[in-house]
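Here is the structure we will look at.
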Amino acid sequence: MDLTIEDKNLIYNSIRDVKDFPKKGIVFKDITTLLNNAEALQTLMNHLEEKYKSYNLDFIAGIDSRGFIFGSALADRLKIGFVPVRKKGKLPSTTVCEKYELEYGYDEVEIHIDAFLKKDARVLLIDDLIATGGTANAAAKLIKDVGANLVEICFVMNLTFLDGVKKISEHAPVYAVLDIE
């Protein structure tokens, strides 16, 4: 199911801009207003379900933390498992980590070493937004490092002016519901 212009506008207009958050000069894309807009959320989730139902996926991996929301909801709709990609130190069992660069240093994400219960599991990676691509790039590497097959990477929003898709497209095809210029 392709989204109509009206559907895209409904989703886009349900996302609030918060200026100067988390620091001056940043315009934060707040999805809490999308989540509490039942019509917009259902439109988005119906679209993602329709798009991915024929991909023969085994798991959806969601990036900490907003990717957990969309990823677990989509996994439930597709009747498959969900795997969290967390910030370092948040998972209780044996993990593998990947470091990535931030504007002012580095951070790390991790995944359980046994997150995908079958060899060559078909995985969709999802998050709310791609900016520079650092976190998504690290998450994609982790999925491959534990032996899964990364089928596609999905975002609700792509901030096209930051060119993050270019950084991660070497791992798998990238799909964004909304391109924001």
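The values are calculated or read from the model by the stated rules, or taken from the named source; none is laboratory data. Since the structure is predicted, the reported quantities are computational estimates derived from the model, not experimental observations. So basically every Cβ, Gly included, is an ideal-geometry build from the backbone, and we count neighbours across all protein chains shown.
The table below lists the values:
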item: Test result for residue 115, in contact with a Lys or Arg (Cβ under 9 Å, 6 or more places away or on another chain) and not in a strand (DSSP E or B); result: no
item: Test: residue in region 153-167 that is touching a strand residue (DSSP E or B) at 6+ places or on another chain (Cβ under 8 Å), of a type in the set (Val, Ile, Thr) and part of a loop (DSSP other than H, G, I, E, B); result: no
item: Matching residues, region 1-27, being touching a helix residue (DSSP H, G or I) at 6+ places or on another chain (Cβ under 7 Å), hydrophobic (A, V, I, L, M, F, W, C) and not in a loop (DSSP other than H, G, I, E, B); result: 10, 11
item: Residue among 28, 70 that alone is at pLDDT below 95 and under 17 Å from the mean Cα position of the chain (by Cα); result: 28
item: Residues that are among the charged types (D, E, K, R) and farther than 14 Å from residue 64 by Cβ, drawn from region 94-141; result: 99, 101, 103, 114, 118, 119, 120, 122, 141
item: Odd one out for residue 61 among (1) touching a Ser or Thr at 6+ places or on another chain (Cβ under 7 Å); (2) surrounded by 20 or more Cβ atoms within 10 Å (Cβ to Cβ); (3) among the hydrophobic types (A, V, I, L, M, F, W, C); result: (1)
item: Among (1) touching a residue at least 40 places away in the same chain (Cβ under 8 Å); (2) within 30 Å of residue 145 (Cβ to Cβ) - the single one residue 45 does not satisfy; result: (1)
item: Every pair of residues 6+ apart whose Cβ atoms lie under 8 Å, when the first sits in region 164-181 and is farther than 18 Å from residue 8 by Cβ while the second is among the polar types (S, T, N, Q); result: 164/132; 164/158; 167/132; 167/137; 168/137; 171/137
item: Some residue of region 126-143 being over 22 Å from residue 87 (Cβ atoms), of a type outside the set (A, V, I, L, M) and assigned to a strand (DSSP E or B); result: no
item: Residue identified as at negative phi, touching a strand residue (DSSP E or B) at 6+ places or on another chain (Cβ under 8 Å) and free of Cβ contacts under 8 Å to residues at least 40 places away in the same chain among 100, 104; result: 100
item: Members of region 28-52 found to be among the β-branched types (Val, Ile, Thr) and in a loop (DSSP other than H, G, I, E, B), listed by number; result: 31
item: Meets criteria (outside any loop (DSSP other than H, G, I, E, B) and either buried (at least 20 other Cβ atoms within 10 Å of the Cβ) or aromatic (Phe, Trp, Tyr) (or both)) for residue 55; result: no
item: Members of region 10-38 that are within 16 Å of residue 69 (Cβ to Cβ), in contact with a strand residue (DSSP E or B) (Cβ under 7 Å, 6 or more places away or on another chain) and among the β-branched types (Val, Ile, Thr); result: 11, 15, 31, 33
item: Out of 80, 113, sole residue that is crowded, with 16+ Cβ neighbours inside 10 Å and either touching a His at 6+ places or on another chain (Cβ under 9 Å) or not hydroxyl-bearing (Ser, Thr, Tyr) (or both); result: 80
